[in-house]
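What follows draws every value from the coordinates through simple rules; no lab data is involved. The shown structure was predicted, so the numbers you read here are calculated from the model rather than taken from an experiment. Here the Cβ is made from the backbone with ideal geometry for all residues, glycine too, and neighbour counts use every protein chain on show.
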Amino acid sequence: MRAYDESYLNDAMDALGEMFDYAVIDCGRDADEFFGWFVVSGVATQFERGNPKFVAGMSGVEIAREVIFRTTGNRETRPATQPIDRGSEYWAGWILAYYQWYRNLRFAAIAEGGLPPSAIIERYVLHEADVSKFVEMADNVLSERLQQPTPLARIRANRGMTQQELATASGVSLRMIQLYEQRRNDLSKASASVVIALAHVLGCSVEDLAERA
């Protein structure tokens, strides 16, 4: 079941397109960094839940300013330009909003699955491609990523350790290790002590255990 009715979708897509366009073009923000702000600010969660205030009640510029304020504490006042033709940043936000709604995924999961805004800008040829083609491509990217072992699973296997052996040596429960390796729990959100314990036993750095989009 999708979070909001399709009647809101065009507004939501336009809002996210304008949000990225303003943040990147007018404010000079890096697309992927700003997307991270969008997620941690809680605004992405409001979109995912279909909060009418965000999916239909605010302009993209207003949403971008809200994200920046929630993240930095600073009020962004730069005016928005009005380009004749929409750029790649706009279309990246536009199609991202569609895909999130269509698949009912978390925005963070889409980025972590290999489709941060920079990858969408690179892969999606403005608005000329049919949205169904993008959905097919995005599904393939996310599916391939999920089929790849996590860094934790790969390093553990390379060390010749079983999950149980790693659990015993690190003090991290077997169940938690299984959830991290299945991507059902996010290791990047684990406590520092857990990540350090795993890295110590595996003889690697904490950074080696991080997944990269």
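Each of 136, 181 has some number of other Cβ atoms within 10 Å of its Cβ, and from fewest to most they run 136, 181.
When you restrict to C-alpha pairs under 8 Å that are six or more residues apart and normalise by the size of the chain, the relative contact order lands at 21 percent. Largest mean-square fluctuation among 79, 116, 52, in a Gaussian network model of the chain whose springs join Cα atoms under 10 Å apart, belongs to 79. Once you reduce the range 159-178 and the range 79-139 to the center of their Cα atoms, the two points are 38 Å from each other. When the alpha-carbon atoms of the chain are used, the pair Rg, Dmax equals 19.4, 61 angstrom. Once the gyration tensor of the Cα atoms in the range 73-137 is diagonalised, the equivalent ellipsoid follows with semi-axes of 23, 17, 10 Å, ordered largest first. Looking at the range 151-208, I'd like the Rg to Rh ratio, where Rg is from alpha-carbon atoms and Rh is Kirkwood's inverse mean 1/r. My calculation of the ratio gives 0.89.
Compute the long axis of helix 9-21 from its Cα atoms, compare it with the longest principal axis of the Cα atoms of the chain, and write down the angle in degrees, 0 to 90, nearest 10. Tilt of helix 9-21: around 80 degrees.
Over all pairs of different C-alpha atoms in the range 57-180, the reciprocal of the mean inverse distance, the Kirkwood hydrodynamic radius, equals 17.8 Å. Largest GNM mean-square fluctuation among 190, 109, 15, using the chain with Cα springs under 10 Å: 190. Cut-off 10 angstrom, C-alpha nodes, Gaussian network model of the chain. Which of 97, 192, 44 fluctuates the most? Checking each option, the largest mean-square fluctuation is seen for 192.
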